[in-house]
Structure formats: C-alpha cells, structure tokens
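> This structure is in structure tokens; I'll ask about it shortly.
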Amino acid sequence: MSTRRKLVAGNWKMHGSRPANAELLATVLAARPFTADVAVCVPFVFLHETASTLAASDIRWGAQDVSAQAQGAFTGEISAGMLAECGCRYALVGHSERRALHGESDQLVADKAQAALGRGVTPIVCVGETLAERDAGQTEAVVKRQLSAVIHHLGHCAAEMVVAYEPVWAIGTGRTATPEQAQAVHALLRLQQQAATGHGALMRILYGGSVKPDNAAQLFAQPDIDGGLIGGASLKAADFIAICRAAG
Ligand code: PEP
C-alpha cells in the first residue's frame, strides 16, 4: 500500500484580487477538514495576505515561480529565501506557461528547483509534452528529459521534490488526459526516480490539465497519481473543494 499522502494544489495563475481571494479562501477554509494535503499557489503579491489567512489552518501556500539566484541585481525576480520568509511550503517550477512564454530551459528549471529546496521550499516540478510531441510518439522521451535534468541536478535531494505531470495540450483546454494515459506517464516517471535515487515510491506525482470535479476521482484513483495541480477549477471554491474531497 502506498504511504504517499495525496496533495491537491491550486495554481491561481495571474488571477485574483484581494476581495476575491478573501472570499475564495474563506469558503475553502470553511469546508475543512480534508483528508488530502491542500495548498494554493498564488501570485507573489498575495503571498503575505494568503499566509495570514491560512496560517492557523492546515492549508499550505506557495508561489508560482522562484528565481534560481539567491540575491543580487536581478530586477523583478523573487528568491527562494523571500518565499521562505513568506512561509511558502511550495513553489511551482517549470510550469509549461513559463517554459513556453518565458523560454525556461530544463537547466534553468533544475536550478530553480535546487534554489527552492535549498531554502526549505518544496519545488513542484512541472513536466509535460505538447500535442505535437505526443502525436510524434515523443511523450516518454520529453518528460524523461525534463525530469532527468532536475534529478541529476538535485542528486539525493531529488527525493524531496513533488512532480506534476501536465500534458500541455490538456492545460486550460478542457481536454483531459484519460486516467490510463496519465497513469502510464506517472508510472514511468516514478520508475525513473526510483532508478536514479531509490526513492521513487516516496515521490508524489500530481496530474494537472483540466482537472474538474467530474473527472478528479477517476484520475486520483490511479495507483501512481498522488493528487492534482489545478488551474482554472482552483478559482471556483465549490469546484476546488469538490476536487480536494475527490482526493480522499
Ligand atoms: C495549470 O495551470 O497548472 C493547470 C493544470 O490548468 P488547468 O487546470 O486550468 O488546465
């Protein structure tokens, strides 16, 4: 039997406002307890307020990115130390929107994951193939390349990261990987981690890509799917709560 606790993490992306966040978080807080671990990854500017709102609860918070640098002349960047000061438990790293829109390479993603771990912030490392890559039969090669860059950079600490498998063609499109498609990729990522670190059985691997209340339970029932990274549905309290409940 798996000893991995399920984790459901919301990715608010560049959405939210102080009043909307207050209402969303109050509704989620009122719906506790959840069996799964629950977290929200919010825009940097909302971290302090999110931290005060959630501090007395078991819901965790995190950022959507982190700098690979510790400090210095890097205008606009936010360091892992700053995230740690805001009490962040998690930081998303290598989300496909950052890889595609901000040119983040596998190496930069690995550097960011290392910077986060170095300050006690757990990186949620996102990997996933585009539709063209899937159609060309390259899914396995792509996700293994993306994960291996991080595993090799982190060495034995790789056991501490969370991985999110997010097929790019399923993000924000309403098109979800079938539970079988997702499970197949999760299983190979776990094997890869196991072969590299011996800790594959401990690593949490989340599925992300148009997870909704009506498909969450089937996805989370797969043996290697340890919860979800939830974009659009994490902004609707009722949907996010239903997905958290579907995780256990
Ligand atoms: C995401 O942004 O990580 C994501 C999975 O988005 P959505 O759930 O909206 O597809």
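The values are calculated or read from the model by the stated rules, or taken from the named source; none is laboratory data. This is a predicted model, so every value here is computed, not measured. Positions of Cβ are backbone-derived with ideal geometry, glycine not excepted, and every protein chain shown enters the neighbour counts. The area values use the complete protein model at the heavy-atom level, side chains included, leaving out ligands, DNA and RNA. Shrake-Rupley method; radii C 1.70, N 1.55, O 1.52, S 1.80 Å.
> Conditions: (1) within 16 Å of the ligand (Cβ to nearest atom); (2) open to solvent by 60 Å² or more (accessible area, probe 1.4 Å); (3) at pLDDT below 95. Gln181 meets all but one. Number of the miss?
(3)
> For segment 13-53, what are the residues that are within 23 Å of Glu85 (Cβ to Cβ), assigned to a helix (DSSP H, G or I), touching a residue at least 12 places away in the same chain (Cβ under 8 Å) and open to solvent by 40 Å² or more (accessible area, probe 1.4 Å)?
The answer is Arg18, Ala22, Phe44, His48, Glu49, Thr53.
> Within segment 67-104, work out how many residues are open to solvent by less than 60 Å² (accessible area, probe 1.4 Å) and within 16 Å of the ligand (Cβ to nearest atom).
The number of residues fulfilling the criteria is 9.
> Still on this structure, please answer the following. Working only within segment 1-12, note down all residues that are over 14 Å from the mean Cα position of the chain (by Cα) and either in contact (Cβ under 8 Å) with a residue 40 or more places away in the chain or open to solvent by less than 80 Å² (accessible area, probe 1.4 Å) (or both).
If the condition is that a residue be over 14 Å from the mean Cα position of the chain (by Cα) and either in contact (Cβ under 8 Å) with a residue 40 or more places away in the chain or open to solvent by less than 80 Å² (accessible area, probe 1.4 Å) (or both), then Ser2, Thr3, Arg4, Arg5 are the ones that fit.
> Give the residues of segment 69-86 that are in contact (Cβ under 8 Å) with a residue 40 or more places away in the chain and not in a loop (DSSP other than H, G, I, E, B), sorted by residue number.
Ala80
> Can you give me the number of residues within segment 54-66 that are among the small types (Gly, Ala, Ser), open to solvent by 10 Å² or more (accessible area, probe 1.4 Å) and closer than 20 Å to Ile243 by Cα?
Selection size over segment 54-66: 1.
> Which ones in segment 137-156 are farther than 16 Å from Ile205 by Cα and surrounded by 17 or more Cβ atoms within 10 Å (Cβ to Cβ)?
Result: Thr139, Val142, Ala149, His153, Leu154.
> Do we have Ala164 as crowded, with 16+ Cβ neighbours inside 10 Å and within 15 Å of the ligand (Cβ to nearest atom) here?
So Ala164 fits the description; yes.
> Quick check on Val66: is it modelled with pLDDT of 95 or more, of a type in the set (Val, Ile, Thr) and not in a loop (DSSP other than H, G, I, E, B)?
No.
> Moving on to the next point. Got a number for residues in segment 195-248 being more than 10 Å from the ligand (Cβ to nearest atom), under 23 Å from Glu160 (Cβ atoms) and among the aromatic types (Phe, Trp, Tyr)?
Qualifying residue count, segment 195-248: 1.
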